[in-house]
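My questions all concern the structure below.
The values are calculated or read from the model by the stated rules, or taken from the named source; none is laboratory data. All values reported here derive from a predicted model rather than from experimental measurement. Cβ: placed from backbone, ideal geometry, glycine included. Neighbour counts: every protein chain shown. Areas reflect the complete protein model, heavy atoms only, side chains present, ligands, DNA and RNA absent. Shrake-Rupley method; radii C 1.70, N 1.55, O 1.52, S 1.80 Å.
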Amino acid sequence: MLFRFLSAIIALDNHLDMEGVISLHSTRAIIRIAPPDDHSDSFPLLLRPLLFSPAAAWLVRALQEAGVERFLLLTPHAWLAEAAACFPEGTRVCCLEDPALDAAVAAFAAEDTDEVISITEPVWLSVAGAALLTQLPTLPQEDAPIGVQRIPASAIHGSADLYGGEVFAPLMDESPFAIPLSDPSSFDSAQYLGRLERAELLSQQGVRVFDPQSIYLDPTVTVAPGTVLLPNVILRGHTHIGPNCEIGPDTMIRDCTLGEGCVVNSSQLNESVFGNRVNIGPFAYVRPGSQVADGCKVGDFVEVKNAVIGEGTKLPHLIYVGDSDVGKRCNFGCGSITCNYDGNVKSRTTVGDDVFVGCNSNLVAPVTLENGAYTAAGSTITDTVPADTLAIARTRQVHVEGWVQRHRAKKKP
C-alpha cells in the first residue's frame, strides 16, 4: 500500500506537469463539522485526532497546500471553539443553528465566480487528493460518494445546495487519495497514510528522512531543506525546524521554533524558541517559555524551564535552570541548579555575561550574579555576587583525627 500510495503522489505530479494544469478550479472551500447526528451530543468525527491534531486540521492543511485560500466553517455552536482552531486566521465561521446560515453560505459563494469545494462529511484527504479536487477539469467518480463536492458558485443559494454539484469519489482500492472517517479502522488508515505522505513531501522538499515509518508529523509542522530526521522523531503542533538541522533519534518537539544548524539528540522540547547552532541532548528536557540563543549547549540530563539563555552559554550536564535570565558566554558546572521555588513563590535568578557557575552550586532565587562573577564548587549562593568576584559559600573542610577508629569501635562484633 505504501508503494502504491507514494507512486500515486508522483503520478499526480507528472500528470499535472504533462497536462499543463496550472490554474486552479477552486480556491475556496466550505467545510461542515458536526456530530454524525446533528441533534446528538456526540463528538464530531472531524474533531477526533489523527496523531496529535484533529482530523479537520489535516483536511484544512491538505486543501491549503493544494491552493485553497478561503474557508467557510459551518459547525454547531457547542463545537465552535474546537473547530475554528483547525482553520487559518481569517476563516469565516457560521453556526448551524444561526438563522442567517443560508445567507452566509450564499454570500460566501457570491464573492467570486470560481467553483466552491463543499465537504459535508468527515473525510481525510491527502495533499495529492486535494490537488485533484482543486485542479482537475473533471473529478474522478469511480466509487461511492464520500461527502466531497465541487459546485459552481452560481448554484449555491443556501446550505442545502452544498450536497449537490460534481461529486469527488476516487476509487479507494487503487488510489488512497481520500478516506471517509467513520470508525477506528478508518482513522488508523488515515493516520498511517497521512504521516507517510508528510514524510514523503518533506523528502521531496530537500529534507532527509531516514525512516518514514518511524516519523510522526503533525500537519502544521514545517521543516526546512537540508535537515535530517533520524528514526523515532515526533514533531507536534506549530513546530518549525530550520535548515541543516539534525533531529533525533528518539526526540519529541512540540510547538517550538529552531533556527539553522541545530542538533537535537534524544530530547524533549516544548513551547520554546531556539536560535542557530544550538546543541541539545542527549536526554535534555526543555519546558515551555524558554528562549535559547545562538550557539548554546543544553547537554545531557539538563532541564530548562521558562528561562532566557544568552548567546554562547553552555549548560553541559546534570543542570536545572528555571525561571532565570542568563547572559552570554556563561558556563554552568555539573550539578548546578537554580532554586526558584520556596514552596509558595517562584522567583527569578539573574546571571550576567561571562559568569562561571562552579559544579554543584545552588543559586537561591531571587539572586543576581553580575558580569564576570564566579562561584566556587559546592556553594549555595543567596546574595548578589558582584562583577568579577569569586563567591565561596561553603564551610571549610575539617579533619577529625581518630574519629574513624572510634566509630568502628562502636560496631557490635
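Tally time: how many residues in the range 236-272 are under 12 Å from the mean Cα position of the chain (by Cα) and not polar (S, T, N, Q)?
Matching residues across the range 236-272 total 13.
Select from the range 206-233 the residues that are in a helix (DSSP H, G or I) and under 17 Å from the mean Cα position of the chain (by Cα) and list them in ascending order.
Passing the criteria: only S214.
Pull up the range 251-271, narrow it to residues that are closer than 19 Å to L217 by Cβ and assigned to a loop (DSSP other than H, G, I, E, B), then point me to the one that is most open to solvent (accessible area, probe 1.4 Å).
E271
Can you tell me which condition R408 does not meet? The list is (1) at pLDDT below 95; (2) in contact with a strand residue (DSSP E or B) (Cβ under 7 Å, 6 or more places away or on another chain), and all the others hold.
The failed condition is (2).
Report whether or not R408 is in a loop (DSSP other than H, G, I, E, B), surrounded by fewer than 17 Cβ atoms within 10 Å (Cβ to Cβ) and out of contact with any Leu (no Cβ under 6 Å at 6 or more places or on another chain).
Spelling it out, it is not the case that R408 is in a loop (DSSP other than H, G, I, E, B), surrounded by fewer than 17 Cβ atoms within 10 Å (Cβ to Cβ) and out of contact with any Leu (no Cβ under 6 Å at 6 or more places or on another chain).
Oh, and also: In the range 114-168, which residues are charged (D, E, K, R) and over 24 Å from D37 (Cβ atoms)?
Taking the range 114-168 and keeping what is charged (D, E, K, R), we get 114-115, 121, 142-143, 150, 161, 166.
Of everything in the range 114-168, those that are charged (D, E, K, R) and over 24 Å from D37 (Cβ atoms) turn out to be D114, E115, E142, D143, R150, E166.
Further, regarding this structure: Criterion first (surrounded by fewer than 16 Cβ atoms within 10 Å (Cβ to Cβ), under 26 Å from the mean Cα position of the chain (by Cα), part of a helix (DSSP H, G or I) and at pLDDT 90 or above) does S203 satisfy it?
yes
Which of the residues spanning the range 372-405 are hydrophobic (A, V, I, L, M, F, W, C) and modelled with pLDDT of 95 or more?
To start, the set of residues in the range 372-405 that are hydrophobic (A, V, I, L, M, F, W, C) comprises 373, 376-377, 381, 385, 387, 390-393, 398, 400, 403-404.
Passing the criteria: A373, A376, A377, I381, V385, A387, L390, A391, I392, A393.
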